[in-house]
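Some notes on the structure that comes next.
Each reported figure results from applying straightforward, stated rules to the coordinates on display, with no laboratory input. What you are looking at is a predicted structure, and each value in this text was computed from that prediction instead of being measured. So basically every Cβ, Gly included, is an ideal-geometry build from the backbone, and we count neighbours across all protein chains shown.
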Amino acid sequence: MQIAIDGPAGAGKSTIAKKVARLLGFLYIDSGALYRAVALSALEKQIDPQDEAALARLLQGLHLDLSEDAKGNQVVQVNGRDVSRAIRDNKVSQVVSVYSAVPAVRQLVTARIQALAASRNVVMDGRDIGSVVLPQADVKVFLTASVAERARRRLLQLQAQGEAVGQETLEAEIAARDQKDRERAVAPLVQAPDALYLDSSNMDIDEVCQHILALIRK
Ligand code: CDP
Ligand code: CDP
């Protein structure tokens, strides 16, 4: 069984996907984490997203892995190095959409997550899961919330990580990233025609989970 959860930044996708996966005993795959890992690697090597040759060389040498530690927390590795924390920095959030729009980057990540999902029960979240990565998914959800609510949620997360950002700056950054994700030529953020639209602006995590679990049971 495959469950696809797509939507814009800060909608609650990863929190809810992880919880639903745990409740059902399914594998959780966070596709955004791999796009973040690529962006982090490119930033560290100072590779311009326009420099196709340098980016292709980088991608050739990248091995991306997703696993879980003993506590059930997701671990993201690039060539064996744990980058789980580093990929959440706001400086990665600010550039990730530019790298994720590059077709070669999308090919690499899509192939990797499709391989991870092959013949397993999975909950996968991202932007193009229901539309491109798992078009045959059994349940598809398009999860969203207002920009103000998503920025408020993300602000709390960043504060907990010790990063100081203003609410207005964050709202502008999130809106700009959503726009880039929606307008790119390859595999844009889109609601698949057969996906359930869910606005969680006024819903807490449990309510959203219950809603999705009911849909899966049906
Ligand atoms: O957690 P947050 O909503 O901030 O984003 P994410 O899921 O970690 O994804 C980070 C970025 O990766 C997105 O803004 C997209 O540019 C890209 N992404 C994508 O293009 N396709 C996906 N399936 C998942 C993420
Ligand atoms: O993965 P995505 O960027 O869509 O969002 P997330 O990282 O799962 O959620 C962003 C933050 O919002 C987390 O701290 C969640 O605990 C919180 N959240 C919430 O307060 N209410 C919801 N209904 C969903 C998420």
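Key figures
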| read-out | value |
| --- | --- |
| Estimated FRET transfer efficiency (Gln161, Asp48; beta-carbon r; R0 35 Å; 0.05) | 0.80 |
| Computed FRET value (nearest 0.05) for Gln136 with Lys71, which takes r as the C-beta separation and R₀ as 41 Å | 0.80 |
| Space enclosed by the convex hull of the alpha-carbon atoms of the chain, per residue, Å³ | 121 Å³ |
| For the stretch 177-218, diffusion coefficient by Stokes-Einstein and Kirkwood Rh (Cα), 20 °C, 1.002 mPa s, µm²/s | 173 µm²/s |
| Least to most buried among Arg88, Arg81 (fewest other Cβ within 10 Å first) | Arg81, Arg88 |
| Length-normalised contact order for the stretch 69-218 - Cα pairs under 8 Å, 6+ apart - percent | 27 percent |
| Residue with peak Gaussian network fluctuation, the chain [Cα springs, cutoff 10 Å], from Lys71, Lys91, Lys180 | Lys71 |
| Dipole in debye (nearest 20) - the chain, about Cα centre, beta carbon charges: Lys, Arg +1; Asp, Glu -1 | 380 debye |
| Nonlocal amide H pairs with Leu196, under 5 Å, H built at 1.01 Å | Lys140, Val141, Phe142 |
| Helical contribution to [θ] at 222 nm, DSSP H n ≥ 4, -39,500 (n - 2.57), averaged over the chain, rounded to 500 | -15500 deg cm²/dmol |
| For the stretch 36-157, size of Cβ-based charge dipole, Lys and Arg +1, Asp and Glu -1, in debye | 320 debye |
| Cα extents of the stretch 1-66 along the three principal axes, largest first (Å) | 42, 23, 18 |
| Alpha carbon centroid spacing (whole Å) that separates the stretch 97-131 from the stretch 167-218 | 16 Å |
| At R0 = 22 Å, FRET efficiency that the Cβ-Cβ distance of Arg120 and Asp82 yields, to 0.05 | 0.45 |
| Largest-first ellipsoid semi-axes for the stretch 33-119, taking √(5λ) over the Cα gyration tensor eigenvalues, angstrom | 21, 16, 11 |
| Under 18 Å from Lys140, Cα to Cα: lysines that are on another chain or at least 8 residues apart | Lys13, Lys18, Lys19, Lys218 |
| Contact order normalised by residue count of the stretch 33-119, Cα under 8 Å, 6+ apart, percent | 34 percent |
| Pair Met1, Ala185: separation of 7 Å Cα→Cβ label points (nm) | 4.0 nm |
